[in-house]
Amino acid sequence: MPMHLQNARGLRALGDEFIVFMGIPALRESPSAGRGGLPAIRLGDIATGLVPPTVALRPAWFGREPDALPRTRVGDVLVGSRGHAFSAAVVGEASAGAAVTENLLVIRHHLGAPSKRAPAPSDAALAEALAAAALAPGYLALLLSSGAALTLARAAPSGLHLLSPRDLEAWEVPLHPRPVQDAAAGVREETLRAIHSAERANTARRALLDHIAHALRSDEAASLQELG
């Protein structure tokens, strides 16, 4: 779709509207008590720029009671906290309610900040606040995954780049009009989903070729007849 970009209207510090907090370290093994783990989002889960649905996530175990763990909410932006490149993704309805592990940072609107004193706002209230915010979650994810996170991160002796909540909250984001941000975020989401669908189709085609090759090597006439 054509998109007419306007010059940014100055800069807006991310911390003016959003807080950033780190994910929780997961245990290496399930506790002997045998409690079921929580669906958890790990760094590799957002490599495609999309957050898997909660039902597709592997469980993880934490040294806290489940009720004490912050869970993802719709509109959260997830970004890696370390690496040579940084992926970012926005949490949708299908991915809400998951735990987040320690190699990820969560960017969340101030209204939904984890608090022991105040009850969490309703989904509707948080959605309304995000819609009125100067910075759109999808726009932030687009910029972060396109080089902004690497620019903000600090190089470590190991060669990795490290990104902290403080780095992100101090980030001065180009303030384009909200309709421009939303349009750019929409193009990003549509493009990533198209790429993901194409990759799944290619995986299926490769599996079919492997099946044909196996049938030919094994001279399995019955298997080949199925292809016809």
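The values are calculated or read from the model by the stated rules, or taken from the named source; none is laboratory data. On a predicted model such as this, the values are computed, not experimentally measured, just so you know. All Cβ positions, glycine included, derive from the backbone under ideal geometry; neighbour counts span all protein chains shown.
Out of the residues in region 99-139 that are among the hydrophobic types (A, V, I, L, M, F, W, C) and within 11 Å of the chain's Cα centre (by Cα), state the one that is nearest to A47 (Cα to Cα). Quick ask: steps written out before the conclusion?
Of region 99-139, the ones among the hydrophobic types (A, V, I, L, M, F, W, C) are 99-100, 104-107, 111, 113, 118, 120, 124-127, 129-136.
This time we only want the ones that are within 11 Å of the chain's Cα centre (by Cα), so: 100, 104-107.
Working: V100: 14, L104: 12, L105: 14, V106: 15, I107: 17 Å.
Here the residue is L104.
Let's see how each residue does on (1) out of contact with any helix residue (DSSP H, G or I) (no Cβ under 8 Å at 6 or more places or on another chain); (2) closer than 23 Å to R108 by Cβ; (3) in a helix (DSSP H, G or I):
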{"residue": "Y139", "(1), (2), (3)": "no, yes, yes"}
{"residue": "L144", "(1), (2), (3)": "yes, yes, yes"}
{"residue": "H196", "(1), (2), (3)": "yes, no, yes"}
{"residue": "A204", "(1), (2), (3)": "yes, no, yes"}
{"residue": "I212", "(1), (2), (3)": "no, no, yes"}
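What do you reckon, is P114 in contact (Cβ under 8 Å) with a residue 12 or more places away in the chain, part of a loop (DSSP other than H, G, I, E, B), over 24 Å from P174 (Cα atoms) and not hydrophobic (A, V, I, L, M, F, W, C)?
Details: in contact (Cβ under 8 Å) with a residue 12 or more places away in the chain: yes; part of a loop (DSSP other than H, G, I, E, B): yes; over 24 Å from P174 (Cα atoms): yes; not hydrophobic (A, V, I, L, M, F, W, C): yes.
Here the answer is yes, as P114 does meet what is asked.
Could you check, for region 136-159, whether at least one of its residues is touching a His at 6+ places or on another chain (Cβ under 7 Å) and exposed (fewer than 15 other Cβ atoms within 10 Å of the Cβ)? Steps first, please.
Of region 136-159, the ones touching a His at 6+ places or on another chain (Cβ under 7 Å) are 150, 153-155.
Those still in the list that are exposed (fewer than 15 other Cβ atoms within 10 Å of the Cβ) too: 154-155.
Checked against the condition, which is being touching a His at 6+ places or on another chain (Cβ under 7 Å) and exposed (fewer than 15 other Cβ atoms within 10 Å of the Cβ), region 136-159 yields at least one hit.
Identify, please: which residue in region 77-98 is more than 8 Å from the chain's Cα centre (by Cα) and part of a loop (DSSP other than H, G, I, E, B) and is, among those, surrounded by the fewest Cβ atoms within 10 Å (Cβ to Cβ)?
First, the residues of region 77-98 that are more than 8 Å from the chain's Cα centre (by Cα): 80-86, 92-98.
In the following step, the residues that additionally are part of a loop (DSSP other than H, G, I, E, B) were identified as 81, 84-86, 92, 96-98.
Details: S81: 23, H84: 9, A85: 11, F86: 24, G92: 15, A96: 17, G97: 14, A98: 25.
So the residue we want is H84.
From the list V187, V180, V173, exactly one residue is touching a Lys or Arg at 6+ places or on another chain (Cβ under 6 Å), surrounded by 13 or more Cβ atoms within 10 Å (Cβ to Cβ) and either modelled with pLDDT of 95 or more or aromatic (F, W, Y) (or both). Which is it? Even if it seems obvious, please write down each step before you answer.
On the way: V187 fails: touching a Lys or Arg at 6+ places or on another chain (Cβ under 6 Å); V180 fails: touching a Lys or Arg at 6+ places or on another chain (Cβ under 6 Å).
The unique qualifying residue is V173.
Under 9 Å between Cβ atoms, at least 6 apart or on separate chains: pull out the pairs that start in region 196-215 with a residue that is under 17 Å from A47 (Cα atoms) and end on any residue that is outside any helix (DSSP H, G or I).
If the second residue must be outside any helix (DSSP H, G or I), the pairs left are H196/T48; H196/G49; H196/L50; E199/T48.
So that you can scan it fast, the table gives a plain yes or no per residue for (1) at pLDDT below 65; (2) hydroxyl-bearing (S, T, Y); (3) surrounded by 13 or more Cβ atoms within 10 Å (Cβ to Cβ); (4) under 21 Å from the mean Cα position of the chain (by Cα):
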site	(1), (2), (3), (4)
L5	yes, no, no, no
R9	no, no, no, no
I24	no, no, yes, yes
A40	no, no, yes, yes
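Table: residues versus (1) acidic (D, E); (2) in contact with a strand residue (DSSP E or B) (Cβ under 7 Å, 6 or more places away or on another chain).
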site	(1), (2)
A148	no, no
T151	no, no
L160	no, yes
P174	no, yes
A185	no, no
E189	yes, no
E199	yes, no
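Give L192, L208 a once-over and let me know the one that is at pLDDT 80 or above, of a type outside the set (S, T, Y) and surrounded by 14 or more Cβ atoms within 10 Å (Cβ to Cβ). Lay out the reasoning, then the answer.
Details: L208 fails: surrounded by 14 or more Cβ atoms within 10 Å (Cβ to Cβ).
Selected residue: L192, the only one of L192, L208 that is at pLDDT 80 or above, of a type outside the set (S, T, Y) and surrounded by 14 or more Cβ atoms within 10 Å (Cβ to Cβ).
Is it fair to say A133 is touching a helix residue (DSSP H, G or I) at 6+ places or on another chain (Cβ under 9 Å), touching a residue at least 60 places away in the same chain (Cβ under 8 Å) and under 17 Å from V90 (Cβ atoms)? I'd like the intermediate steps shown before the answer.
Details: touching a helix residue (DSSP H, G or I) at 6+ places or on another chain (Cβ under 9 Å): yes; touching a residue at least 60 places away in the same chain (Cβ under 8 Å): yes; under 17 Å from V90 (Cβ atoms): yes.
Answer is yes for this residue.
State yes or no: is A198 over 27 Å from P66 (Cα atoms), among the aliphatic types (A, V, I, L, M) and at pLDDT below 95? Give the derivation first.
On the way: over 27 Å from P66 (Cα atoms): yes; among the aliphatic types (A, V, I, L, M): yes; at pLDDT below 95: yes.
It is true that A198 is over 27 Å from P66 (Cα atoms), among the aliphatic types (A, V, I, L, M) and at pLDDT below 95.
Is there any pair linking a residue in region 148-164 that is in contact (Cβ under 8 Å) with a residue 40 or more places away in the chain and within 16 Å of V20 (Cα to Cα) to one that is in a loop (DSSP other than H, G, I, E, B) and polar (S, T, N, Q), with Cβ under 7 Å and at least six apart or on different chains, and which?
Every condition considered, the pairs that remain are L162/S81; L163/S81.
For D67, state whether it is assigned to a helix (DSSP H, G or I), buried (at least 22 other Cβ atoms within 10 Å of the Cβ) and not aliphatic (A, V, I, L, M).
Details: assigned to a helix (DSSP H, G or I): yes; buried (at least 22 other Cβ atoms within 10 Å of the Cβ): no; not aliphatic (A, V, I, L, M): yes.
No.
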